[in-house]
Amino acid sequence: MLIRNILLTLMLLTAARVMAQEGGDTQAQIDYAYQTEDGNRLANLIQNLTTRVKDNSADISLRYHLAHAQYRFGQLSGERHAHAAEAAFSDCIDELKPAIDKDVKSAESMVLQSACYSGLADLKSLEAVLLRSRAADRLNAALKLQPRNPRAMLLSAMQDLRHAKPGSPEGQRGFAELRSAAELFEQSSGTSDDAPGWGHAEAYLALGRELQIRGDHLGARNWIEKALIAAPDFKMAQRQLALLSKP
């Protein structure tokens, strides 16, 4: 009986590790498709994840991955393909509702949903005020639950910097938040098998850009190169480094 219980425990642990690794692989695929600006790959991932969610609607981690893929697709589509972007951000918001309803302390789901509300607000001017309010509510709730969540801090910093005037207190606060977010990302794993792990390369690139704006070209190069160490095929970082290298 003891041997049987040990074998059963080992089988369950192995199955859990395999499922976790699949989650990590899915995250890596989504990140890579976004960083290489491969919309077709993202569309295929969304299709595959949608099928898997239909087969297992209770799997919250699958829903999160699907929402993450939709968010990235919305980012890539942007204003050039506004209708597709709107649909992707809206689907992301809807996909995360069951996760937040099931766990009102799901900070990561709140962060991602906030990002999707913000993305949608950029495209729907008539509803922008309402959508930004919802984005802020979700982000504030996430920060109350996890004040040092690097993804939440990154989104908060980017919102402050986006609306701040050069040299303003809001801009200084946003810059400080961005630096803190980048430093927190440095301390965390770039790819996690059982928890969200996106945002590292984006934070490093964003900090590099802000340092370049402030005239610190050496610091800018350092952080942009860190973005490329984290994600060697990150096209936005490649372009930014090329611009920085121009005389």
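Some observations on this one:
- Selection count, region 4-60, where residues are modelled with pLDDT under 50 and within 20 Å of Gly199 (Cβ to Cβ): 2
- Flag if Ala220 is within 24 Å of Ala67 (Cα to Cα), assigned to a helix (DSSP H, G or I) and either touching a helix residue (DSSP H, G or I) at 6+ places or on another chain (Cβ under 8 Å) or of a type in the set (Lys, Arg) (or both): no
- Residue within region 132-155 that is farther than 25 Å from Ala82 by Cα and of a type in the set (Asp, Glu) present: no
- All positions within region 117-134 that are more than 16 Å from Arg162 (Cβ to Cβ) and touching a residue at least 12 places away in the same chain (Cβ under 8 Å): Lys124, Arg134
- Matching residues in region 51-87 - criterion: being farther than 15 Å from Ala115 by Cβ, in contact with a helix residue (DSSP H, G or I) (Cβ under 8 Å, 6 or more places away or on another chain) and acidic (Asp, Glu): Asp59, Glu79
- Total residues in region 107-140, condition within 17 Å of Met153 (Cβ to Cβ) and buried (at least 19 other Cβ atoms within 10 Å of the Cβ): 13
- Among the residues of region 67-96, just one is in contact (Cβ under 8 Å) with a residue 12 or more places away in the chain and among the basic types (Lys, Arg), namely Arg72.
The values are calculated or read from the model by the stated rules, or taken from the named source; none is laboratory data. Model, not experiment: these values are computed from the prediction. So basically every Cβ, Gly included, is an ideal-geometry build from the backbone, and we count neighbours across all protein chains shown.
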